[in-house]
Amino acid sequence: MKYSFLLICFCVTLPIFSQINSEYKIPSKEQLDTLKIQLETLFKKDQAFRKIYKEAEKKLGKDSFEMEYFWQIVEGQDKVLEKELSLIIDTYGWLGISQVGRLANTAQWAVLQHGPLHLKEKYAPLLKESVLHKESRANHYASLIDWMLINSNRLQMYGTAIKSDDENKLQFYDIKDPELINKRRKEIGLSSIQEFAKSKNMVWNIKQK
């Protein structure tokens, strides 16, 4: 049951999303200014420890008690940020770039990306609607969905998730129907998988239908 909502996310039409959005409050200019600052602060908090974790691992040891405690602190902070973000989205809906700017808009995705599955499933449709209205970045939605699927032991849809092999070469996590990936990417405004692969110094040889 917990994955059924995710499947619906791919099928729901734009009018349904519009009906959902009509239930949210319309923020005033003053409220948007406040929300912009609030979201930008959320982004800074979300990124603060993540900017230094590699240095911390080198100094403390990746599997050390100190690093375990480090991530406990991060997880605790994430829960606080998730509650704050949920309150914003549940009140005003997904705030677009034209409303709060690119950084504050990105903050919603960044906090959600680090959140639990149920929040991703809840807000993914709103992010998709925002993407289709060109108010959010398509790669944010694609990345959110791909990692949701991978973390649920399923195949990614858009090819945004990559990893290093034993020889430190980049490769894609397994992709569902890879011969149709460009159709899916185009639907949400992403460039072709060939262009994406080239940008990562990777090669894509699967013919598209």
(message) Considering only residues that are open to solvent by 20 Å² or more (accessible area, probe 1.4 Å), outside any loop (DSSP other than H, G, I, E, B) and farther than 22 Å from residue 78 by Cα, which ones fall in segment 105-138?
(response) 128, 132
(message) Please go through (1) without any contact (Cβ under 8 Å) to a residue 40 or more places away in the chain; (2) surrounded by 11 or more Cβ atoms within 10 Å (Cβ to Cβ); (3) not hydrophobic (A, V, I, L, M, F, W, C) for residue 36 and return the number of the only condition it doesn't satisfy.
(response) (1)
(message) What's the total number of residues in segment 108-121 that are touching a residue at least 40 places away in the same chain (Cβ under 8 Å) and over 10 Å from the mean Cα position of the chain (by Cα)?
(response) 3
(message) Any residue that is among the charged types (D, E, K, R) and under 21 Å from residue 43 (Cα atoms) - is there at least one of those in segment 136-152?
(response) yes
(request) Could you tell me which of the residues 72, 113 is within 25 Å of residue 138 (Cβ to Cβ) and in the same structural domain as residue 34 (by the TED database)? (result) 113
(request) Starting from segment 65-76, take each residue that is within 12 Å of residue 50 (Cβ to Cβ) and list its partners that are basic (Lys, Arg) and surrounded by 11 or more Cβ atoms within 10 Å (Cβ to Cβ), counting only C-beta distances under 8 angstrom and pairs at least six apart or across chains. (result) 74/50
(message) Can you find a residue that is part of a helix (DSSP H, G or I), among the small types (Gly, Ala, Ser) and surrounded by 13 or more Cβ atoms within 10 Å (Cβ to Cβ) anywhere in segment 67-84?
(response) no
(request) Looking only at segment 43-53, decide whether some residue is part of a helix (DSSP H, G or I), outside the structural domain of residue 145 (by the TED database), within 20 Å of residue 146 (Cβ to Cβ) and within 16 Å of the chain's Cα centre (by Cα). (result) yes
(message) When you check residue 57 against the structure, is it within 19 Å of residue 24 (Cβ to Cβ), outside the structural domain of residue 184 (by the TED database) and free of Cβ contacts under 8 Å to residues at least 40 places away in the same chain, yes or no?
(response) no
(request) Evaluate segment 149-170: report whether one residue or more is open to solvent by 30 Å² or more (accessible area, probe 1.4 Å), modelled with pLDDT of 95 or more, of a type outside the set (S, T, N, Q) and within 24 Å of residue 84 (Cα to Cα). (result) no
(message) With the requirement that a residue be assigned to a helix (DSSP H, G or I) and open to solvent by less than 70 Å² (accessible area, probe 1.4 Å), what does segment 85-98 give you?
(response) 85, 86, 88, 89, 91, 92, 97
(message) I'm told residue 185 meets every condition in (1) open to solvent by less than 30 Å² (accessible area, probe 1.4 Å); (2) assigned by the TED database to the domain that holds residue 101; (3) more than 21 Å from residue 100 (Cα to Cα) except one. Can you identify the failing condition by its number?
(response) (2)
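The values are calculated or read from the model by the stated rules, or taken from the named source; none is laboratory data. As the structure is a prediction and not an experimental result, all values here were calculated from the model. So basically every Cβ, Gly included, is an ideal-geometry build from the backbone, and we count neighbours across all protein chains shown. Protein only, heavy atoms only, side chains kept; ligands, DNA and RNA dropped before computing areas. Shrake-Rupley method; radii C 1.70, N 1.55, O 1.52, S 1.80 Å.
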